[in-house]
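The values are calculated or read from the model by the stated rules, or taken from the named source; none is laboratory data. Not measured: the values here are computed from a predicted model. For neighbour counting, all protein chains shown are included, and Cβ atoms are generated from backbone atoms with ideal geometry for every residue, glycine included. Each accessible area value is taken on the protein alone, full model and side chains, heavy atoms only, with ligands, DNA and RNA left out. Shrake-Rupley method; radii C 1.70, N 1.55, O 1.52, S 1.80 Å.
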Amino acid sequence: MGTTFENKKEISAFIVANRKNFQEKLLSEAVNVGSKINDILKKGNIDLLKNAEKLVVYIAESHEKELEEFAKIEGVAWAEHSLTLSFKLEWVQAIRRTLWHFLYKFDKKHEALSEREQFYELEKRINDNVDRFLNNFFISYSDYKDRQLLSQRKLVEHLSVPIIPISSMIAVLPLIGTIDSYRIQTIEEKILMNIASLKIQTLIIDMSGVAEMEIDIIVHLKRLLGGINMMGCEAVMTGLRADLVKKMIHSGVSFHKEGLIKGTLQQTLREYLVLEPGK
């Protein structure tokens with residue numbers, strides 16, 4: 001006794017040699033996923049049966065580095081094609097059960113069932129490798145989704161900062177919704193870049209659609225108005241809501257030094273378009 005599982009390559013070779021039986025057993029263990037194999041191959045170009053064999057070889061032969069890298073690649077692939085995570089979990093657990101079934105068959109074929117100490121050592125190695133794959137897969141999947149969400153949020157935020165030129169020198173920025181710390185940074189970046197690229201001399205910022213602003217965001221906006229002036233552009237604030245003005249009064253923050261304060265956007269547009277040279 002003691003030689004049954006020592007040659008890791010013999011175990012993986014045994015499974016590869018019995019590929020058809022391995023696949024049939026795996027599909028019987030993963031009933032829900034089995035019916036979706038062709039859909040997953042078509043949608044994500046992911047061959048579950050081929051990848052299952054590769055995973056089993058890495059697990060059986062304890063190729064930890066290759067196992068972790070494969071898990072990361074799989075995680076990105078499933079995230080990129082928005083494949084169902086419950087299917088992946090069911091599939092990997094089915095691979096675990098199928099692998100143990102074939103380890104037993106391998107042991108029985110060699111007429112040497114493992115002693116208790118060796119069995120527990122094997123159990124730890126195999127299950128640790130399966131869990132290592134799952135951990136790296138889910139981390140990779142989650143990281144990809146987080147990057148995707150951040151990219152989408154940046155796109156949405158930039159689209160939600162529409163600087164609209166209404167003449168060669170005047171532009172309007174209508175702000176809508178809640179402005180948080182992330183969004184005010186996007187607003188700052190887009191305003192300063194557009195002043196430079198569009199040669200804006202007057203920027204009218206309409207606040208009538210702003211739902212809420214915390215005091216730290218108001219302070220940030222005050223600094224931004226100063227930055228607009230530093231770039232040689234006049235900042236004009238319109239549509240300040242009563243609740244926002246009340247918050248500014250109680251916190252001692254004012255925009256008067258950094259920019260002009262006007263009533264409504266419509267009134268301000270009429271005034272500036274009339275005053276514009278050539279009008």
Excluding residues fewer than 8 places away in the same chain, name every one of the aspartates and glutamates whose C-alpha is closer than 20 Å to that of Lys199.
-> Glu188, Glu189, Glu234, Glu258, Glu276
Solvent-accessible area per residue for the chain (1.4 angstrom probe, square angstrom) = 56
Rg to Rh ratio, the chain, alpha-carbon atoms and Kirkwood radius?
-> 1.32
Net charge over other residues, Cβ less than 10 angstrom from the Cβ of Ile179 (K, R count +1; D, E count -1) = -2
Gain on full stretching of the segment that runs from Ile215 to Lys108 - 0.36 nm per residue minus C-alpha separation | 31.3 nm
Local electrostatic count, Arg241, Cβ distance below 12 Å [Lys/Arg +1, Asp/Glu -1] | -1
Once you put a point 7 Å from the Cα of Glu64 and another 7 Å from the Cα of Ser167, both along the Cβ direction, what distance in nm separates them?
-> 7.1
Just from its helices, what would the mean residue ellipticity at 222 nm be for the chain, if runs of 4 or more DSSP H residues each count -39500 (n - 2.57) and the sum is divided by every residue, rounded to the nearest 500 deg cm²/dmol?
-> -22000 deg cm²/dmol
Rg/Rh for segment 7-151: what does it come to with C-alpha atoms and Rh from Kirkwood?
-> 1.00
Averaged over all directions, how much area does the convex hull of the C-alpha atoms of segment 164-274 cover when projected, in nm²?
-> 6.3
Could you tell me which of the pairs Lys9/Lys124; Lys9/Lys65; Lys20/Lys65; Lys190/Lys247 are separated by over 20 angstrom between their Cα atoms in the structure shown?
-> Lys20/Lys65; Lys190/Lys247
Straight-line reach from Lys246: which lysines have Cα under 21 Å away, leaving out those fewer than 8 places along the same chain?
-> Lys222, Lys257, Lys262
